[in-house]
Every structure is written in C-alpha cells, then in structure tokens.
Amino acid sequence: MKRSNFKSKQAGFMNALIMFGIALIVAMMGAWAVANRSSNTNSSTEQNKMSASVILKEASDFRDGFARALSDGISPSTITFDMTAGTGLLQPSKGYASPQTAPIRAMDAAGTAANFVWNYTKLVKIKDIGADTSNDYMVTLGDLSLEVCQRLNNMLYNTDMATVPVTGVGTLADYTTTPAAVDLTTSVAGRDGKTDLCVKTSDGKYVYYKVMVEN
C-alpha cells in the first residue's frame, strides 16, 4: 500500500512538472511573439523616419538649386524643372540641382511609380505665402504612404504621429502628372502659411510639397 502511494505521489509530481514546462514554453512563445512584433514595429518606424529624412533633404537640395539659379539672374518665371540650357534647374553645365530619386519604401503600397517622382508646378496658391492672389512655385512628390506623410509633418512641425494630414484641394494628378490650378487660400488650421507640408488630396492620396518661390 505504501509503495502504491509513493508511485501515485511520484506520478503527480511528474504531471506537475510537465504542466509547468508546458506553461513555461507557452509563456516564452508569447514573449517571443510580442518581442518580434515590437521589433517589426520599431523597424517600420525607423524606415519611415529615414525615408522622410531623405525626402526633406532632396526637397531642400531643390530649394538651394533655385536660390543659385536666381542668383545667376534667371527669372523665377522662366526656370524649368529640366535640363534645358539657360533655364533648366537640372542643367548639368550649371549644377544648380541634380535629379533626385525618392526612397521607394516611402511610396503608398497602392500607388503608382508615375506619381512617385518629383514634379514641379507653378499653379498653386497658398494662404499667407506671398500674395494670396498669386501662384507659388513648388516641387511635389505624390503617392506617399500615410505613415511617411505623417512622419514628414512630424519632423517639420512636431505634430503628433496620429494626426491626420490636412486635406488639400485638388486631386493627386493636379499636383503631379498633370499640374492644374490648385487654390489653398481658404483658411485651414495647420495648412496656412506653411511652405512645406504633406496633405491629403481630394481623391484620398498623400502629397508632399515644398515651395521654391513665394509670389
């Protein structure tokens, strides 16, 4: 009888060890999953920061190029966003600015490469930038992901990363492939007086712009 009780106690002890081992494995797997998820999130955040930094640097390079072209006596209204001799911002002989390629990971997953290139428009009016009745000249980059758009605004103005980008006027094409007149002179908090901004277009896309010439 005593031997039977000993075996029973031993079996119970072994079962307890097995249950403890299983619980420990489950806990370790849960911790690994959380750590892996956190790692992926951190990686994505850092990638968005890096992409936004590159975009801001490229836009700044264009702005510096415009300043050099203006100092050479080229009229703002005649500057072209190409390599044309005498007027082109990107003309190799002058070296005002170089063509820039935005980081591909900054593009919206549903975007198209044709929109995700730097463009130039002279058809946008912005409230409190120059005269509201005059068009400002700017470079634009379209089809950005929401996260990169938010990161750009965060880096520019320290806005909360959860802040939804201000809705602009006009479609994605109006800022990119087929520039059209866009009037942003209606007062909107968070948009007025900003020469750099990432906005949401009327068709639900995200565009970053930087003013080159304030008129």
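The values are calculated or read from the model by the stated rules, or taken from the named source; none is laboratory data. Small disclaimer: the values here were computed from a predicted structure and weren't measured. No Cβ is skipped: glycine too gets one built from the backbone with ideal geometry, and neighbour counts run over all protein chains shown. Protein only, heavy atoms only, side chains kept; ligands, DNA and RNA dropped before computing areas. Shrake-Rupley method; radii C 1.70, N 1.55, O 1.52, S 1.80 Å.
Points to keep in mind about this one:
- Listed by position, the strands (runs of 3 or more DSSP E) contained in the stretch 165-215 that have at least 3 residues being touching a residue at least 60 places away in the same chain (Cβ under 8 Å) and under 20 Å from the mean Cα position of the chain (by Cα) are 206-213.
- Selected residue (only one of LEU152, LEU146 is surrounded by fewer than 17 Cβ atoms within 10 Å (Cβ to Cβ) and under 14 Å from the mean Cα position of the chain (by Cα)): LEU146
- Here ILE126, ILE74 are screened, and the one residue that is open to solvent by less than 50 Å² (accessible area, probe 1.4 Å), more than 20 Å from GLU58 (Cα to Cα), free of Cβ contacts under 8 Å to residues at least 24 places away in the same chain and more than 13 Å from the chain's Cα centre (by Cα) is ILE74.
- Of all residues making up the stretch 157-215, the number that are touching a strand residue (DSSP E or B) at 6+ places or on another chain (Cβ under 7 Å), under 28 Å from SER75 (Cα atoms) and among the small types (Gly, Ala, Ser): 3
- When THR185, THR163 are checked against the criterion of being over 17 Å from LEU56 (Cα atoms) and open to solvent by 40 Å² or more (accessible area, probe 1.4 Å), a single residue qualifies: THR163.
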